[in-house]
Amino acid sequence: MSLEALLVVSAALFGVGVYGALSQQSFVMIMMGLELMLNGAILAVVAFWWGSTGGNPEGQLLAVVVLAVMAIEAAIGFALVANVYRVRKADISEKLRRLRH
Amino acid sequence: MALLGSALAVFLAAVLAVGMTRWVGDVLNPLALTVSEKVPFSGGSPPDFHAWNRFHIRWYTMALLFLAFDMEMVFMYPWAVVFVREGLISPVEMLMFILILLVGIVYAWRERGFEWA
Amino acid sequence: MGVREALAGLARWSPVPVFPIVGGGARDLVRDLRLRPEVELVATPRHATLLLVAGRFPSGAIPGLAVVHDQIPVPRATVRWNGEVSDEISSARLVGGDEEDLIATLVALHREMMADPSRSGPPILPDVDAVEWRGVGPYGHGGKGMTGGTPYGRPLAERAGDRDGIELDQLPVTIGPWVGALPWGLELAVKLQGDLVQEVEVGPRLSTDPPTDVFSMATRKPMTVAVLELERARHHLRWLADALSIQGLSALGLRALRLGKILTPHHQREVRRLLAMVRRSGIFGLALNRAGGEVTGSQAKGLGPVARAGGVDDDARRDEPAYRELGFQTILHQKGDAAARWRQRMAEVTQSLDLSDRAGDRTAFGAGLVEGPRGRITANGPSPSVVVLDLLPQLLSGLEWGDAVSLVWSLDIDPTESVETHVDNRGAS
Amino acid sequence: MNLISDILFWVFSVAAVVTGLLVFITDSMVRAAYWLMASFVAVGGILMILDAQFLGLILILMMAGEMTIMAIFMVMFMMNPAGLNPMTMVHQHRTSIVAGAGAFVALAAVGLLAEFPDRPVPPGVDPTVDLGVELLGESMLIFESAGVALLAVMIGAVALVSKRGRYGIAEEGSEEPSLEMSEE
Amino acid sequence: MNPLVAVVLIGVVMVVSVYLVAVIDTAVETRVSGGRGYARAWLAPISRAARLALQRRTVTERPDAEAWVLGPALLGGLAAVALTSIPFAPGVDVADIPAGIVLFGAALLQVMVAVVLHGWGANSVFPLLGAFRMAAVGLSMGIPFSLVLITTAIPAESLSVGAIIASQEGVWNVLRQPIGLPVYLITALGFSFWGPLQLPDGADLAGGTSAEISGTALLVWRIARASILVSLAAMGAAAFLGGYLGPWLPGWLWMIVKTMGLAALMIWSGHRIARARMESVVLLGWTVLLPVALVDVFVSGALTL
């Protein structure tokens, strides 16, 4: 239960999130990858708060801010997915070729 | 930490109890259902399609508002704890925070986000 | 095993869960079973032990009987009340006579099932997959591609247009004749998008030979107004009992049913108290406050309370001398939606009770045209329910499922009402 | 006492990573969303072991609503919502595995090799009180700007998603009343 | 309190209170329906449970089996966890942690997940409609539910339920914060899907999420739902009616009286108030209960200064 173990676990979560975000085609699954990365981030932040900041409240505040980021990312992500689906009738990122050039 | 340990123990015990009750029922009446006994119930005729479909919920605007407004609760818990200790500054500050969020709710209500097609 | 006997000993005292299949002529008798503590009518066969088949069915075949019978979990049994046993339910136990014999049989059968489940009825339908799918597709699950094929024996719902601009799946499902949510015998082929009813088609009608209640007799010979009005009030209370239990007030529904069974003109105080409790239950503010499903103007002709709730002043009692002497005034509402129909029928209960109290021995009708509780009854015209069934598709489309069910119950539909011999002039099926 | 918490820590962390992986393996969308919630609940459990009880419980509380909404949106917009037709919706698979493993190795190396100051949380301090004081005290600005950001998100989400504005549906030719004063 | 004693205590409390809820439900139904035969109310729950135990469990064609099992198990577990955060007597509490209401709030918001899983698992029309209705009710009632509980934490200067009860030494929160209890009871009806907010398992869905289950699965579902109602009533008693504080009776007796009183009130509302439409519930939650809860937070907050 040392700080290093916590950081390894949060790195593993972050790694799975990166794999998920890059490998999945559909928007909502990419968002789930992002959420997993933020999950790893929260674990790392609280690990540092517990391990090396001696209970400094700003550590907790950062965790709450990461929670806020997660909620905001989810809300805007779903709003975009709904709009893309309304226009393109699909939710696979391939369908948005026109954004390329 | 020990208190949460006992809470976790109680949770696992309750889940186990539910599992045990179901197991007793399965022992008394072993599960050997024929195809016609597994047909989902919709009043008398077998279904033509799987019930699982892309279920169009019409209140998805409200769902997004819940996400944003959920964060307000996270800030309110610590605020409530230190409310008395901090004196006058706490209600004023939280009032500003709440009014900002209420502007969003009023906007959604005016854009008829809570009713649906 | 000791456990089974102990549980069977306890289960003897439990109310018997019965799933009713009710044809023509037995609706009031089966509905009155709710008053008996020994029996419990359940909304879905999964919660039942006994299947009760009652009433008359057109041309013998009972639609959906085999499917519903097999959906009842073991130990199960079937009881056929006042009718002959069709080949499908050969193992059914025949019961003649009145409610007491039926209750005795149901309780005895239930205890027999609890004690020895091996005697439970076998499934009727064969144990073979309706749709061939095993081995098809990459995982042998019968599916192919993203959304195609018949995975696990059933196809997946397809996309369809939607007002909200997001085109999602439309699930066609037949909400069958025997479900707790709809009146017994009403089958709706519904196209659901999410919980929104987009299209509705009314299934085959179960109408049988014409009823023999007071109102149909009144078409042939004059009947005393006291009896007619008391029967009308009793009919509306029975409708109120069903409609209240659908809106989640089963206890108030039982009170209305109990009152309906023992109704005499002296019960006006209890009826007023019951109607006050219904108004105070917030049903008009919480449950029926959605506009929509209005029935007004020409399409409401001859539909009795449904017409009057829509402002159409159409009541055969007005031009009857007996009613004019009693100072009869037709009660009217304007909006014609579900709430107006509820208010209309609740007002007519008190009005009918008052009329039957003051009627003395006056007689009315007898000239081939009668104002029945559901609308205008003629010797050879279609019954009001048949007319209302034609209106359903246009009324229900665009409503959320809960509002659609409230609307169906507010129209007081009896799918087994007779279509009469002269069907050609209305074009009904 | 810390033997139990060590065991619990390892159970929760293995559960978190495994459920995280399951999110991308399972076909059914509702299961994927609730595997992700299981991963968050496991991380919440770890936070509770780290004496940040309030944060762990808040994470579980928040995730209940959020993951249900995610499940609903996935059932609405995904091609095969219940996973009845098993399919792999994956592209550039190998590169993403390499990237994921690379990120893991890099961050784990940082975690293991770097020297972090060892100042454990002093016992007897109530973290929630500190957080409250902090919110109202020094970082009041972060608290209010979070509120403004949430307002922007609410307005943005409603504007993007709700098809029917106050004056009716745009496609069907509804336009806002003009701003200049009327003639009379 | 070591875990074993905790498990036994919570188990006994849940079994006894679920039995009492079933008895009260039958008694209130008999009274409102004008019938007689209250003696039957005592025997009915036991005989009904025995009948369900003897009935076979059903499985539909292609269910999501794990989700279908997890639904009731999660619901029962969450009701138990919610009960652990509430002290029943001055010394008798299982997990009265410093963040007690947050544990209770997390357990109750997860109830929405349990019911959605239970409805989704059956792959049949009525349970599916019931599941999405629960999501709508849970999301609309979630915010006011937590806000009203936060208000009780302000005078207590701590989130632990024991401290909240202690802070009501002089005056109970139901008098100090009058708006709190009604809003709490309405949202509690929503989370226990009982009475007027019985949308997921409503009669217009022929049993809703429980339309496809039978036997012990149905028995467990009904027990879990009743224990959720008990947990909500117990927290209502603890946060608003002064928990185990009270002049004459011993602490634990006060707790039982208050909890069963609130549970009886909610059950009574089930038989006397009609089921609301989903659109009314969403509008009620967002445009009525939310502002009222916010007013409650600030008015009672200002009063404590």
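The values are calculated or read from the model by the stated rules, or taken from the named source; none is laboratory data. What you are looking at is a predicted structure, and each value in this text was computed from that prediction instead of being measured. Positions of Cβ are generated from backbone atoms using ideal geometry, with glycine treated the same way; all protein chains shown enter the neighbour counts.
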* Residue among C:G2, C:G83, C:G9 that alone is of a type outside the set (S, T, N, Q) and in contact with a strand residue (DSSP E or B) (Cβ under 8 Å, 6 or more places away or on another chain) -> C:G83
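Can you confirm whether E:V69 is β-branched (V, I, T), farther than 30 Å from D:L84 by Cα and surrounded by fewer than 24 Cβ atoms within 10 Å (Cβ to Cβ)? Write out each step before concluding.
Values: β-branched (V, I, T): yes; farther than 30 Å from D:L84 by Cα: no; surrounded by fewer than 24 Cβ atoms within 10 Å (Cβ to Cβ): yes.
No: the conditions fail for E:V69.
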* Asked: Would it be correct to say that C:D361 is surrounded by fewer than 20 Cβ atoms within 10 Å (Cβ to Cβ), among the acidic types (D, E) and either free of Cβ contacts under 8 Å to residues at least 24 places away in the same chain or farther than 29 Å from C:L274 by Cα (or both)?
  -> no
* Asked: Residue check: is E:S210 buried (at least 21 other Cβ atoms within 10 Å of the Cβ) and more than 14 Å from the chain's Cα centre (by Cα)?
  -> yes
* Any strands (runs of 3 or more DSSP E) falling wholly within region C:4-96 and containing at least 2 residues that are within 14 Å of chain B (Cβ to nearest Cβ) and either within 25 Å of B:E37 (Cα to Cα) or of a type outside the set (V, I, T) (or both) -> C:16-22, C:50-54
* Restricting the search to region E:254-298, which residues are more than 20 Å from C:S250 (Cβ to Cβ) and basic (K, R)? -> E:K258
* Structure fact -> Going through region C:338-356 in order, the residues found to be more than 17 Å from C:D314 (Cα to Cα) and out of contact with any His (no Cβ under 8 Å at 6 or more places or on another chain) are C:A338, C:A339, C:W342, C:T350, C:D354, C:L355, C:S356
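So which helices (runs of 4 or more DSSP H) are wholly in region E:20-129 and hold at least 1 residues that are among the aliphatic types (A, V, I, L, M) and over 29 Å from D:V30 (Cα atoms)?
In region E:20-129, E:39-53 are the helices (runs of 4 or more DSSP H) which contain 1 or more residues that are among the aliphatic types (A, V, I, L, M) and over 29 Å from D:V30 (Cα atoms).
Residue-by-condition table, conditions (1) among the charged types (D, E, K, R); (2) more than 7 Å from every other protein chain (Cβ to nearest Cβ):
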{"site": "B:G5", "(1), (2)": "no, no"}
{"site": "B:L12", "(1), (2)": "no, yes"}
{"site": "B:T21", "(1), (2)": "no, no"}
{"site": "B:S36", "(1), (2)": "no, no"}
{"site": "B:G44", "(1), (2)": "no, no"}
{"site": "B:F49", "(1), (2)": "no, no"}
{"site": "B:R54", "(1), (2)": "yes, no"}
{"site": "B:L64", "(1), (2)": "no, no"}
* Based on what the data block shows, is C:L286 in contact (Cβ under 8 Å) with a residue 24 or more places away in the chain and either touching a helix residue (DSSP H, G or I) at 6+ places or on another chain (Cβ under 7 Å) or within 14 Å of another protein chain (Cβ to nearest Cβ) (or both)? -> no
* Structure fact -> The residue that is nearest to the chain's Cα centre (by Cα), considering only those in region D:24-49 that are facing chain A (nearest Cβ under 9 Å), of a type in the set (A, V, I, L, M) and farther than 12 Å from D:M67 by Cα, is D:V43
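Looking for whichever is away from chain B (no Cβ under 13 Å), free of Cβ contacts under 8 Å to residues at least 60 places away in the same chain and surrounded by fewer than 23 Cβ atoms within 10 Å (Cβ to Cβ) here; the options are C:R111, C:R119, C:R159. Which one fits? If you could, list the steps in order and put the result at the bottom.
Details: C:R111 fails: free of Cβ contacts under 8 Å to residues at least 60 places away in the same chain; C:R159 fails: away from chain B (no Cβ under 13 Å).
Residue meeting the stated conditions: C:R119.
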* To do: Please state which of the following conditions E:F193 fails to meet, knowing it meets all the rest: (1) more than 14 Å from chain B (Cβ to nearest Cβ); (2) in a helix (DSSP H, G or I); (3) in contact with a helix residue (DSSP H, G or I) (Cβ under 9 Å, 6 or more places away or on another chain).
  => (2)
* Asked: Can you tell which of E:A188, E:A217, E:A166 is in a helix (DSSP H, G or I), small (G, A, S) and in contact with a Lys or Arg (Cβ under 8 Å, 6 or more places away or on another chain)?
  -> E:A217
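Against the definition (in contact with a Pro (Cβ under 7 Å, 6 or more places away or on another chain), in the same structural domain as C:S245 (by TED's automatic domain parsing) and part of a loop (DSSP other than H, G, I, E, B)), how does C:G302 come out, yes or no?
Working: in contact with a Pro (Cβ under 7 Å, 6 or more places away or on another chain): yes; in the same structural domain as C:S245 (by TED's automatic domain parsing): yes; part of a loop (DSSP other than H, G, I, E, B): yes.
For C:G302, the condition - in contact with a Pro (Cβ under 7 Å, 6 or more places away or on another chain), in the same structural domain as C:S245 (by TED's automatic domain parsing) and part of a loop (DSSP other than H, G, I, E, B) - is met.
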* Can you tell me which residue in region E:285-294 is surrounded by the fewest Cβ atoms within 10 Å (Cβ to Cβ), limited to those that are in contact (Cβ under 8 Å) with a residue 12 or more places away in the chain and more than 10 Å from chain B (Cβ to nearest Cβ)? -> E:V292
* Asked: What pairs come up if the first residue lies in region C:62-82 and is outside the structural domain of C:V16 (by TED's automatic domain parsing), the second is surrounded by 23 or more Cβ atoms within 10 Å (Cβ to Cβ) and assigned to a loop (DSSP other than H, G, I, E, B), and their beta carbons are under 7 Å apart, counting only those six or more places apart or on different chains?
  -> none
* To do: Look at region A:27-82 and say how many of its residues are within 20 Å of D:D126 (Cβ to Cβ), of a type outside the set (A, V, I, L, M, F, W, C) and either surrounded by 21 or more Cβ atoms within 10 Å (Cβ to Cβ) or out of contact with any helix residue (DSSP H, G or I) (no Cβ under 9 Å at 6 or more places or on another chain) (or both).
  => 5
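Considering only residues that are assigned to a loop (DSSP other than H, G, I, E, B) and among the aliphatic types (A, V, I, L, M), look in region E:246-284 and name the one that is farthest from the other protein chains (Cβ to nearest Cβ).
The first filter runs over region E:246-284 and keeps only residues assigned to a loop (DSSP other than H, G, I, E, B), leaving E:246-250, E:273-277.
Cutting the leftovers down to among the aliphatic types (A, V, I, L, M) gives us E:249, E:273-274, E:276.
Numbers: E:L249: 27, E:I273: 5, E:A274: 4, E:A276: 4 Å.
Per the criteria, the residue is E:L249.
Hey, can you tell me all the residues within region C:46-56 that are buried (at least 21 other Cβ atoms within 10 Å of the Cβ) and touching a residue at least 60 places away in the same chain (Cβ under 8 Å)?
Residues of region C:46-56 buried (at least 21 other Cβ atoms within 10 Å of the Cβ): C:46-55.
Passing the criteria: C:T49, C:L50, C:G55.
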* Could you tell me which of the residues C:A316, C:A322 is away from chain E (no Cβ under 14 Å), touching a Phe, Trp or Tyr at 6+ places or on another chain (Cβ under 8 Å) and surrounded by fewer than 22 Cβ atoms within 10 Å (Cβ to Cβ)? => C:A316
* Output yes when any residue across region C:249-263 is modelled with pLDDT under 90, outside any helix (DSSP H, G or I) and surrounded by fewer than 23 Cβ atoms within 10 Å (Cβ to Cβ), and no when none is. => no
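Conditions tested, residue by residue: (1) among the β-branched types (V, I, T); (2) at the interface with another protein chain (Cβ under 7 Å from one of its Cβ atoms).
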| site | (1), (2) |
| --- | --- |
| A:V9 | yes, yes |
| A:Y19 | no, yes |
| A:L22 | no, yes |
| A:I30 | yes, no |
| A:N39 | no, yes |
| A:V46 | yes, yes |
| A:T53 | yes, yes |
| A:P57 | no, yes |
| A:I72 | yes, yes |
* Asked: Residues of region B:84-100 being within 8 Å of chain D (Cβ to nearest Cβ) and crowded, with 21+ Cβ neighbours inside 10 Å, which ones?
  -> B:S90, B:F97
* To do: Would you point out the residue of region E:169-185, among those that are free of Cβ contacts under 8 Å to residues at least 60 places away in the same chain and not in a helix (DSSP H, G or I), that is nearest to E:L289 (Cα to Cα)?
  => E:P178
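With region C:164-225 as the region, which strands (runs of 3 or more DSSP E) entirely inside it contain at least 3 residues that are within 30 Å of D:F73 (Cα to Cα) and facing chain B (nearest Cβ under 7 Å)?
Values: elements: C:169-175, C:188-193, C:196-202.
Qualifying strands (runs of 3 or more DSSP E): C:169-175.
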